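The values are calculated or read from the model by the stated rules, or taken from the named source; none is laboratory data. Just so you know, these numbers come straight off a predicted model, no measurement behind them. Here the Cβ positions follow ideal geometry from the backbone for every residue, glycine too, while neighbour counts run over all protein chains shown. These area figures cover heavy atoms from the full protein model, side chains too; ligands, DNA and RNA do not enter into them. Shrake-Rupley method; radii C 1.70, N 1.55, O 1.52, S 1.80 Å.
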Amino acid sequence: MRFVQSALLLLIVGLTASATDTRPNENFSARKPLSPRLTETSAPDSPQAAMPIFLPQQQEIELALSAGPEHLRLEATVYVFGKKGYEKIRSGKNGFTCMVNRDGNQIGDNDLKPTCWDAEGSATIFPVMLRVGEMLAQGKTADEIRQDVDRGFSEGRFVSPRKTGIAYMLRGDVQYDPKTMAISKTLFPPHYMIYAPGVTNADIGINMDAYKRHPSLPLVYAGYSGGARTAYIILMATEDKGHLH
C-alpha cells in the first residue's frame, strides 16, 4: 500500500513540474514584471461588458499625440473615443495615426494605451483597434469582440502587417482617474513596438528567467485583439529631450 501511495505522489509531482512553463506568456506576461495588474484581468469569456473610459476631447487628443515623438505629432492623424467609438478628429499628412487605444478594457484592464502607428500599422493593425473601440462603445463582451475580430481576419476585413514597421508608445500604458480627470499612474513604461506577426519569444531567444534578470530585453507581446496576428516585439524607450510631453 505504501508503495502505491509513493508512486502516486511521484506521479503528481512529475505532472506538476511538467506543467510549469518558464517561457514568457505571449499574451500578458510580457508586461507582468513591470505591471503585474495587467495580468489580473477577468476571463476573456466573461459575459460582462466593459465600462467605456471617456476623456474630455482635448485631453484625449493630447494624450494620443503624447505617444509619438515630437517631430511626428503635428502632422499625424488623430482619433478620439466617443459614445459611438472612435472618430477622426484630425487628418494628418505624414502617414501616422494616433489614438488612445482601449484594447484590453474588454477583459478588465482599466488602462489606456496611447499609440501612434506608422503607415503600415495604420493600414493593418489600426483598423482592428478601431473595430474594438466601436464594439466597446456598443457594450459588447470580450467574447463577442474576440469572435468578431477572428471573423474579420477570416473574411479578409483585417490583415496582419505586411512588412516591418513601428508603433510608438512613448507615453507608456497609463491609468486614468475619472474623478480627478488626470493620469493617476504609469502602468508600463514608454516603449517602441515593432510589428512581428506570428513571432514568438522563442524565435528571438527570450525566456522569462532572462527577462526577469534584464527587463530591458526585447520581448514579444501578442496580447492585443488578433493575438499572434497583431503581435509586436517590445523595445524599451530611453529618456531624451525628443520625447518630452
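A few comments on the model shown:
- In nm, spacing of pseudo-spin labels at residue 238 and residue 175 (7 Å Cα→C-beta vector): 3.0 nm
- Figure note: 211, 168 ranked by solvent-accessible area, largest first, 1.4 Å probe, ligands and nucleic acids not counted: 168, 211.
- Note, ³J(HN,Hα) from phi for segment 178-186, Karplus 6.51, -1.76, 1.60, rounded to Hz, x at Gly and Pro: x, 6, 8, 6, 9, 6, 8, 6, 9
- Peptide ranges 222-235, 69-82 listed from the most packed, as the mean C-beta count within 10 angstrom indicates: 222-235, 69-82
- Taking 0.36 nm per residue of separation and subtracting the Cα-Cα distance, full extension of the segment from residue 216 to residue 159 would add 17.6 nm.
- Gain on full stretching of the segment that runs from residue 147 to residue 123 - 0.36 nm per residue minus C-alpha separation: 6.5 nm
- Simple point charges give the picture: +1 on the Cβ of Lys and Arg, -1 on the Cβ of Asp and Glu, and for segment 36-182 a dipole about the Cα centre of about 380 debye.
- Summarised in one figure, the compactness ratio Rg/Rh of segment 40-166, Cα atoms and Kirkwood Rh, is 0.97.
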